[in-house]
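Data block below; observations after.
The values are calculated or read from the model by the stated rules, or taken from the named source; none is laboratory data. Predicted model, so just to flag it, every value in this text is computed and none were measured. A quick note on method: Cβ atoms are made from the backbone with ideal geometry, for glycine too, and the neighbour counts reach across all protein chains shown. All accessible areas refer to the heavy atoms of the entire protein, side chains included, with ligands and DNA or RNA removed. Shrake-Rupley method; radii C 1.70, N 1.55, O 1.52, S 1.80 Å.
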Amino acid sequence: MSIALLYERSENDEAGIKHTAQQLGIDLNFIPFRKIALTISKEGFTAKTKGKDYTDVFNQTVVVLNRAQSKNRRLQASYIMEALGKKTLNTSQVEFTCYSKLRTLLKLWKAGLPVPKTVFVPCDASDFMKNHREIHNENDIADLFQAEIPIDDGIVIKADAGTHGKMIMLSKTREELIDNIKKTKPNIINPIGVVAQELINKWFYDLRIIVYKEKGKQAICHNKALARAGFKDFRTNTFLGNLVFEANLPTNVLDLAVKCGNTLGEGNDAWIFALDAMVNVSDKHVDEAFIKAQLDFAAQEYLPVQKVKAAETRLTDFSAWNTKLEQAFSMYANSSSYQKVKNVIDENIANNRDALVFHEANSCPEFWENTRLVTGLNVAVPLLKTAQSLID
Amino acid sequence: MTNSTNPNTFKAKCPDCDAELEISSDTEVSEIVSCSGCGLELEVKSIRDGCVDLQELTIEGEDWGE
């Protein structure tokens, strides 16, 4: 009876889950999903790579921690494992919802939870007729968007299944909007249609909030969030070079996040999400020049962390690399500029506690390098404990 | 290390799943080999005295996402 870590490539998060499992004394099976051929036939099923038969590993597994990095493979993995009688974290139902920003937003909106104003137009930027003639829909789509969201306020077009800020484009003029709609052709991270959102005045930061539920227990929202901050771009993803800070969450935000988790978890026994949220800031209580200066100082303090992150020793000695990462991060978090920016964020969240909107839920969040170090929550612990709760 | 049962191959370990791999002795540095155990693509970083150093390739799929 065991927990299996299903993954495509063992990146830092997966290495961190292995490392944490060892510390907790939890035995893990490993399923390198990417090149395992699954065969179903009247004789049952087999799961094999070219050189190894994983069928027994599959048979011994009770709960699957689904960490396939590709959203499409993760979805297939959850359906496969559930068809084989395994419990999955997260379930295929949850993966199906979180795969799509629109589906996530619809569930949250239906439950009365705060989301950004969102417009979905099902048609694509262009269509091809049988005679190969191209029909352009960009103007119609732009008209539909502009009828709902004033262009002067900014219209954000998002790839429905994108992450890391990919294919998220801001338009402030009609020309930009048409261009951005043209770029949103059907592809693997935007299968169909075009999603647009109002531009939330999030000032210089957004939030990543961890919520989880073990079987038989109430859902929990961790009281510290990861704030991603910077003025470089309207997107604040860390992937785009923004800095990270701890943010204290007020009680009403914790309650809202738990409601989001329960809504997206849809009655499943156990689940875990990283919710992305923005504060619609009406009260910029601190001079931006001060914050920009502190962010510049903090960026310098962050350089040693980046240096450790890039070191290839993580591939050869994860434990030693992790110790260096934690030491470097501790120096950064204790710097005066970090504390000053953190204080501004904490105060701003408190002042705007009723103006938070949730815009995405991540079912397989990255956590080892940022969320864990910033919030003090090693997400591998609730992941593993939640998986264990499905066995007990 | 040169494989005693097959002198035309070197032995190496997959850095991810620890599978024992047999690498052809005419393999060049920077070649990509595949682990038979987990299927992971690995780059040959160095070959010294019959020792093959393999490193996981960093790739990113179009739909890589959280």
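Computed over protein heavy atoms with a 1.4 Å probe, the carbon and sulfur contribution to the accessible area of the range A:297-392 reaches 51%.
Using θ = phi - 60° in the Karplus curve 6.51 cos²θ - 1.76 cosθ + 1.60, the 3J(HN,Hα) couplings for the range A:188-197 round to 5, 9, 8, x, 7, x, 9, 9, 10, 9 Hz; x is entered for Gly and Pro.
Using 1/(1 + (r/R0)^6) with R0 = 45 angstrom and r between the beta carbons of residue A:24 and residue A:185, what's the FRET efficiency to the nearest 0.05?
It comes out at approximately 0.50.
Dividing the Cα radius of gyration of the range B:9-56 by 2.2 N^0.38 Å, with N the residue count, gives 0.97. Pairwise Cα separations in the range A:218-258 fall into 10 Å bins from 0 onward with the following percentages, short to long: 30, 36, 30, 4.
Between residue B:58 and residue A:282, the FRET efficiency from the beta-carbon distance, with R0 = 41 Å, is close to 0.45.
Net charge around residue A:328, counting only other residues with Cβ within less than 9 Å of its Cβ (Lys, Arg = +1; Asp, Glu = -1)? It would help to have the intermediate numbers written out before the result.
Details: positive: A:307, A:309, A:324; negative: A:326.
Local net charge: +2.
Full extension of the chain between residue A:239 and residue A:289 gives 15.6 nm of extra length, using 0.36 nm per residue less the Cα-Cα distance. Ellipticity at 222 nm from helices only: DSSP H runs of n ≥ 4 in chain A, each -39500 (n - 2.57), divided by the residue count, give -12500 deg cm²/dmol. Of A:101, A:35, A:185, the residue with the greatest mean-square motion in the GNM of chain A, using alpha carbon springs below 10 Å, is A:35.
Working note: Karplus 6.51/-1.76/1.60 with θ = phi - 60° gives the range A:170-177 the couplings 9, 10, 10, 9, 4, 4, 4, 5 Hz, where Gly and Pro are set to x. Computed from phi, the 3J(HN,Hα) profile of the range A:257-263 under the Karplus parametrisation 6.51, -1.76, 1.60 (θ = phi - 60°) reads 5, 5, 5, 4, x, 5, 5 Hz, with x in place of Gly and Pro. Shape analysis of the protein assembly as shown yields a ratio of the Cα radius of gyration to the Kirkwood radius, Rg/Rh, of 0.99. Normalising the average separation of contacting C-alpha pairs (under 8 angstrom, six or more residues apart) by the number of residues puts the relative contact order of the range B:9-56 at 35 percent. Using C-alpha pairs below 8 Å separated by at least 6 residues, the relative contact order for chain A is 18 percent. When you work out D = kT/(6 pi eta Rh) for the range A:1-105 at 4 °C and 1.567 mPa s, using the Kirkwood radius from C-alpha pairs as Rh and the Stokes-Einstein form, the result is 91 µm²/s.
Packing here is the average count of other Cβ atoms within 10 Å per residue, and on that basis the peptides A:330-337, B:54-61, B:9-16, A:202-209, highest first, run A:202-209, B:9-16, A:330-337, B:54-61.
Distances between placed amide hydrogens fall under 5 Å for residue A:270 paired with no residue 5 or more residues away or on another chain.
Under a Gaussian network description of chain A, with springs only between Cα atoms under 10 Å, the residue in A:51, A:241, A:162 that fluctuates furthest is A:51.
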